[in-house]
1. List every residue pair whose Cβ atoms lie under 8 Å apart, where the two residues are 6 or more positions apart in sequence or sit on different chains, the first residue falls within the stretch 68-89 and is in contact (Cβ under 8 Å) with a residue 12 or more places away in the chain and within 30 Å of VAL58 (Cβ to Cβ), and the second residue, located anywhere, is exposed (fewer than 13 other Cβ atoms within 10 Å of the Cβ) and hydrophobic (A, V, I, L, M, F, W, C).
2. Of the residues GLY6, GLY40, which is within 16 Å of the ligand (Cβ to nearest atom) and on the phi > 0 side of the Ramachandran plot?
3. Against the definition (among the small types (Gly, Ala, Ser), under 14 Å from the mean Cα position of the chain (by Cα) and either within 16 Å of the ligand (Cβ to nearest atom) or on the phi < 0 side of the Ramachandran plot (or both)), how does ALA55 come out, yes or no?
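Taken together, the values in this text are just the output of simple stated rules run on the coordinates, not laboratory data. This is a predicted model, so every value here is computed, not measured. Ideal geometry is used to build each Cβ from the backbone, glycine not excepted, and the neighbour counts take in all protein chains shown.
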Amino acid sequence: MQPIGGTWFVSVNNSYHTVDIRRWYSKPCIGSPLKPTAVGIALTYPNWNKLKNAAVRVETEIPALVAISPCWHDSQIDLMFCDECSPYHKAAEAAENSNTSDNADEH
Ligand SMILES: [Zn+2]
């Protein structure tokens with residue numbers, strides 16, 4: 001499974017001969033595994049190839065797309081709090097805050 005930005009991932013399923021482009025989510029618990037959402041599409045290998053060819057055509061026909069660049073971060077901390085590069089940081093923070101408030105209730 002490869003991240004392609006934010007909460008989107010691409011994975012290959014050799015059993016069904018599909019390439020899955022899908023949004024995944026994480027529950028706000030530390031160590032919670034990623035789970036797939038219903039938002040996405042499973043493409044057959046021929047359709048995947050058509051999509052790749054279409055992407056090349058879009059790049060050549062819309063030169064302005066060259067101006068789009070990946071994220072740039074001044075520091076590791078900036079990267080950790082970027083919604084595109086670390087899409088689940090808010091879930092981790094929520095879990096951490098709930099643990100902190102749990103501890104506060106015990107006192
Ligand atoms: Zn980023």
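1. GLU84/CYS71; CYS85/CYS71
2. Numbers: GLY40 fails: within 16 Å of the ligand (Cβ to nearest atom).
One residue alone meets the criteria, GLY6.
3. On the way: among the small types (Gly, Ala, Ser): yes; under 14 Å from the mean Cα position of the chain (by Cα): no; either within 16 Å of the ligand (Cβ to nearest atom) or on the phi < 0 side of the Ramachandran plot (or both): yes.
The answer is no for ALA55.
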